[in-house]
Amino acid sequence: MNRRRSDAAAVNRDTFTFKKIVIDPDPLRKQDPTEHWVGCDNEHEGEYSAKTVTGGSDVVVTWLQFTIDGAPYQFRSFYQFHPEKSGDVEAAISAAVAITIEGVSPRVARR
């Protein structure tokens, strides 16, 4: 069990949390390749690990891929929310994108 935790920690060492989201700077890699991921089966863009999501939550997956001065960047983030009324999904999408951009900006600026 400790070996598996150690392996998971090594694989996920660059993944970070910012405000309410988890940001993965290596979006094509599954954080746990042995697990069945939810959404966009084998397309990767929208997949997320069910065990990392609070039960009953909806998830907005944001994928950013861009180049600055020839340097490529990729980030995928996971934003959990609980829609309760009309407009909650749209608000969650806006929040997920804004927080993701805010979270990755310092990592892009210092490269």
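Quick notes
- Remark: pairs (first residue in region 80-103, among the aromatic types (Phe, Trp, Tyr); second residue at pLDDT 95 or above and part of a helix (DSSP H, G or I); Cβ separation under 6 Å; 6+ apart in sequence or on different chains) = 81/92.
Rundown of residues vs (1) surrounded by 11 or more Cβ atoms within 10 Å (Cβ to Cβ); (2) under 14 Å from the mean Cα position of the chain (by Cα); (3) under 18 Å from residue 14 (Cα atoms), yes/no style:
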site	(1), (2), (3)
55	no, no, no
65	yes, yes, yes
68	no, no, no
76	yes, yes, yes
81	yes, yes, no
86	no, no, no
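- Considering residues of region 88-111 that are among the small types (Gly, Ala, Ser) and over 30 Å from residue 69 (Cβ atoms) only, the residue farthest from the chain's Cα centre (by Cα): 91
The values are calculated or read from the model by the stated rules, or taken from the named source; none is laboratory data. Here the structure is a predicted model, which is why all the values come from computation and not from measurement. Quick reminder, even Gly has a Cβ in these numbers, built from the backbone with ideal geometry, and neighbours come from all protein chains shown.
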